Amino acid sequence: MSGNHLVHSEKRIAQLKNIFADEAARSAMDQNTLVYSVQAILPVEQGTEAGLFFGTTSIEPGTVNEEYFITQGHFHKVSNRAEYYWGIKGEGALILMDRDRNCRAESMRPGSLHYIPAHTAHRIANTENTQLVFSACWPSDAGYDYDEILNHGFSYRLLKRNGKPELVKI
Ligand code: PA5
Ligand code: MN
């Protein structure tokens, strides 16, 4: 991606404390390991009503113990804001959780389109041995509520069991 209003961010294992189910396994890993990076175009100021943001996330292949590499995951700060994700490269799963902590997963592959409804936390897991790349489009006033997931997690985890992804209640 190129052009104006471009921002880049990276998440390494060191920055993902308490995000994976097995915190002991995460803290024992090389803390410099890259988990995902995001490039986004933010043409208006965060919080502006009726604008749109666009971003592309690349998640590296890997696991923390038996849990696939995932994005941190969040509800939107303005909780009723929705979002689109779509798959570009690689395969994985979009994990969704509503305010009653009901979870479901949608498989993501190149060309798959995912509507993330209002009041729904969302995160992506990379379930293959190659990089997973997806794009997103969301309202510029959606914001991020990371604390809810940091404090309470998702009610289900996507684990690698017998070499295959399995959504497991924690
Ligand atoms: O806006 C989004 O939902 C995405 O662009 C995410 O921010 C991105 O995939 C990184 O995930 P997270 O924000 O949960 O760390
Ligand atoms: Mn979002």
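The values are calculated or read from the model by the stated rules, or taken from the named source; none is laboratory data. In this text the structure is predicted, and so the values were computed from the model without any measurement. Positions of Cβ are backbone-derived with ideal geometry, glycine not excepted, and every protein chain shown enters the neighbour counts. Accessible surface areas use protein heavy atoms only, side chains included; no ligands, DNA or RNA. Shrake-Rupley method; radii C 1.70, N 1.55, O 1.52, S 1.80 Å.
Is the range 46-105 best put as rounded, prolate or oblate by its Cα gyration tensor, with a ≥ b ≥ c the root eigenvalues, rounded for a/c under 1.5, and otherwise prolate when a/b is larger than b/c, oblate when not? Mind dumping the intermediate values first?
Working: a/c = 2.28, a/b = 1.41, b/c = 1.61.
Note, shape of the range 46-105 comes out oblate.
Just so you know, the Cα atoms of the chain work out to an Rg and Dmax of 15.3, 46 Å. Taking every alpha-carbon pair under 8 Å whose residues sit at least 6 apart, the range 1-98 reaches a relative contact order of 24 percent. Sorting 149-162, 100-113 by their mean Cβ neighbour count within 10 Å, with the most densely packed peptide first, gives 149-162, 100-113.
In order along the range 14-29, the phi-based Karplus estimate (6.51 cos²θ - 1.76 cosθ + 1.60, θ = phi - 60°) of 3J(HN,Hα) comes to 4, 8, 10, 4, 6, 8, 8, 4, 9, 5, 5, 5, 4, 6, 7, 7 Hz; Gly and Pro are listed as x. Only Cα pairs under 8 Å and 6+ residues apart enter the sum, and on that basis the relative contact order of the range 22-65 stands at 47 percent. Where only DSSP H runs of four or more residues are counted, the chain gives -1500 deg cm²/dmol as its mean residue ellipticity at 222 nm, each run worth -39500 (n - 2.57).
Give the relative contact order (percent, whole number) for the chain; include only Cα pairs under 8 Å separated by 6+ residues.
Averaging sequence separation for qualifying contacts and normalising by length gives 25 percent for the chain.
A Cβ-based charge dipole, computed about the Cα centre of the range 1-80 with Lys and Arg at +1 and Asp and Glu at -1, lands at about 140 debye. First compute the accessible area of the range 68-136 with a 1.4 Å probe, then give the percent of it belonging to carbon and sulfur atoms. C and S atoms contribute 48 percent here. Rounded to the nearest 20 debye, the dipole magnitude of the chain is 340 debye, with +1 charges on Lys and Arg beta carbons, -1 on Asp and Glu beta carbons, and the Cα centre as origin.
Looking at this model, which pairs from 11/164; 17/160; 17/169; 17/89; 77/164 are more than 22 angstrom apart at the alpha-carbon? Mind dumping the intermediate values first?
Details: 11/164 25 Å; 17/160 20 Å; 17/169 20 Å; 17/89 27 Å; 77/164 33 Å.
In this structure, 11/164; 17/89; 77/164 exceed 22 Å between Cα atoms.
Dividing the convex hull volume of the alpha-carbon atoms in the range 96-170 by its residue count gives 112 Å³ per residue. Probing with 1.4 Å while keeping every protein chain in the model, the per residue accessible area of the chain equals 50 Å².
Per-peptide packing, taken as the mean over residues of other Cβ atoms within 10 Å, places 65-76, 36-47 in the sequence 65-76, 36-47 from highest down.
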